[in-house]
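The values are calculated or read from the model by the stated rules, or taken from the named source; none is laboratory data. Just so it is clear, the structure is predicted and the values come from calculations on it, not from any experiment. Every residue, glycine as well, gets a Cβ built from its backbone with ideal geometry; the counts of neighbours run over all protein chains shown.
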Amino acid sequence: KAGVTQTPRYLIKTRGQQVTLSCSPISGHRSVSWYQQTPGQGLQFLFEYFSETQRNKGNFPGRFSGRQFSNSRSEMNVSTLELGDSALYLCASSLTGGLNTEAFFGQGTRLTVV
Amino acid sequence: SQQGEEDPQALSIQEGENATMNCSYKTSINNLQWYRQNSGRGLVHLILIRSNEREKHSGRLRVTLDTSKKSSSLLITASRAADTASYFCATSSFTQGGSEKLVFGKGTKLTVNP
């Protein structure tokens, strides 16, 4: 069974640009969550999608958005990039994202904004 | 905001010794999970303990949960160099919208010296 796949693995962008990251969950998983990881702030929850609907959202500005497709694949988009957006972006999939379910993480996309 | 706070932030031990990491949290939880992250990579789920459980074992791992003190500990026995990684606790609780999300602490960086 294939794991969670995130693409691309590495990305370098310039301030002001926008970026789209992709996450393919484990087959059969319907919940996809996104996290931002930085040395200073640790792992911060961005949002969660379930059956193409955003079910939960963290405390990030509107520049961070996402969506989920009918096959459960998810994308997140960051517009007007800032230097502080440099981070490892992790996505996690789970069967339902509900009570007592285990989350499976991808390897992450390392975004560098210059 | 961080829910879980791990202690210590860093731990260095010799191979064969036991490693204990602690996690404290602030609000009521559904469950608490421990994850491992090798340098700059995705997180791997280690163990989940429900709020009505007090102790759980998985191989060389032992997790305890004290909901009255809002704390958990992860014990790795007979450590190996391959256990070198960062360890995170994550608490699961319901949001205002009724869904569930994982909130991670900042992690304990464990180094096991051969």
Open item on the list: Here's a check for you: in segment A:47-80, which residue that is modelled with pLDDT of 95 or more, farther than 19 Å from A:ILE26 by Cα and assigned to a strand (DSSP E or B) is nearest to the other protein chains (Cβ to nearest Cβ)?
Closed with: A:PHE64
Open item on the list: Quick check on segment A:79-91. Is at least one of its residues crowded, with 16+ Cβ neighbours inside 10 Å and over 22 Å from B:LEU43 (Cα atoms)?
Closed with: yes
TODO: Could you please find all residues in segment B:8-62 being of a type in the set (D, E, K, R) and within 11 Å of another protein chain (Cβ to nearest Cβ)?
DONE: B:ARG36, B:ARG41, B:ARG50, B:GLU53
